[in-house]
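K.L.:
What follows is a single structure, and I will ask about it in a moment.
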Amino acid sequence: QVQLVESGGGLVQAGGSLRLSCAASGRTFSRVAMGWFRQAPGKEREFVAVINWTGETTYYTDSVKGRFTISRDNANAKNTVYLQMGNLKPEDTGVYYCAAGWLIAAIKESYNYWGQGTQVTVSS
């Protein structure tokens with residue numbers, strides 16, 4: 001079992017930066033892939049980024065490549081995944097969710113555990 005709690009969302013102007021955190025508890029955290037998804041009002045939840053359990057492999061959706069960086073800290077029971085977001089655009093607005101699963105995947109159905117989400121709003 002993995003429990004996930006996101007934080008770090010907020011209101012930022014276009015071009016600004018935010019860092020999201022996802023604190024995980026559960027004995028299997030270090031063995032799961034961690035992903036970030038986002039959902040804008042009236043839209044489907046979409047993949048943003050994923051990192052494998054060692055932290056050595058990452059994938060991003062095309063629209064955030066070069067602007068967002070996913071990382072994780074498995075050491076010392078910190079069990080936290082980060083999403084550093086830069087050069088934010090209004091289209092990045094949405095609720096951001098972290099998720100845990102056994103596969104590195106871009107589809108939400110591959111993830112077994114989800115956080116409650118954190119709101120990111122980018123003003124123009």
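Any read-out appearing in this document is the output of simple, stated calculations on the displayed coordinates, not a laboratory observation. Source: prediction; values computed, not measured. Note that we place each Cβ from the backbone using ideal geometry, even for glycine, and neighbour counts take in every protein chain shown.
K.L.:
For Lys65 and Ala105, calculate 0.36 nm times their separation in residues minus their Cα-Cα distance, and state this gained length in nm to one decimal.
P.N.:
Once the chain is fully extended between Lys65 and Ala105, it gains 12.8 nm.
K.L.:
Mind listing which trypsin sites (Lys or Arg not before Pro) in segment 21-124 are in a DSSP loop and have 14 or fewer other Cβ atoms within 10 Å?
P.N.:
Counting only loop positions with at most 14 other Cβ atoms within 10 Å, the trypsin sites (Lys or Arg not before Pro) in segment 21-124 are Arg27, Lys43, Lys65, Lys78.
K.L.:
Next up: Treat every Asp and Glu Cβ in the chain as -1 and every Lys and Arg Cβ as +1, leave all other atoms uncharged, and give the resulting dipole magnitude about the Cα centre to the nearest 20 debye.
P.N.:
180
K.L.:
Which value, in debye to the nearest 20, gives the size of the charge dipole of segment 51-124 about its Cα centre, when Lys and Arg are +1 and Asp and Glu are -1 at the Cβ?
P.N.:
100
K.L.:
Shifting gears a bit: Count of lysine pairs in the chain with Cα atoms under 21 Å apart, counting only pairs 8 or more residues apart in sequence or on different chains?
P.N.:
5
K.L.:
Oh, and also: Using DSSP to call loops (not H, G, I, E or B), can you name the GluC sites (Glu not before Pro) in segment 43-84 whose Cβ has at most 11 other Cβ atoms within 10 angstrom? If you can, show how the numbers build up before the last one.
P.N.:
Details: sites: Glu44, Glu46, Glu56; in loops: Glu44, Glu56.
Listed in order of number, the matching sites are Glu44, Glu56.
K.L.:
Rounded to the nearest 0.05, what FRET efficiency is calculated for Glu91 and Thr54 with R0 set to 30 Å and r the Cβ-Cβ distance?
P.N.:
For R0 = 30 Å, the calculated efficiency reads 0.45.
K.L.:
Taking Cα centroids, how far is segment 70-99 from segment 39-56 in Å?
P.N.:
Here the two parts' Cα centres lie 9 Å apart.
K.L.:
Let me ask something else. If r is the Cβ-Cβ distance from Asp73 to Gln1 and R0 is 30 Å, what FRET efficiency results, to the nearest 0.05?
P.N.:
0.90
K.L.:
Where is the GNM fluctuation largest for the chain (alpha-carbon springs, 10 angstrom cutoff): Ile70, Ile107, Ile51?
P.N.:
Ile107
K.L.:
Count charges around Thr121 for me, please; just the other residues with Cβ under 14 Å from its Cβ, Lys/Arg as +1, Asp/Glu as -1.
P.N.:
For residues surrounding Thr121, the net value is 0.
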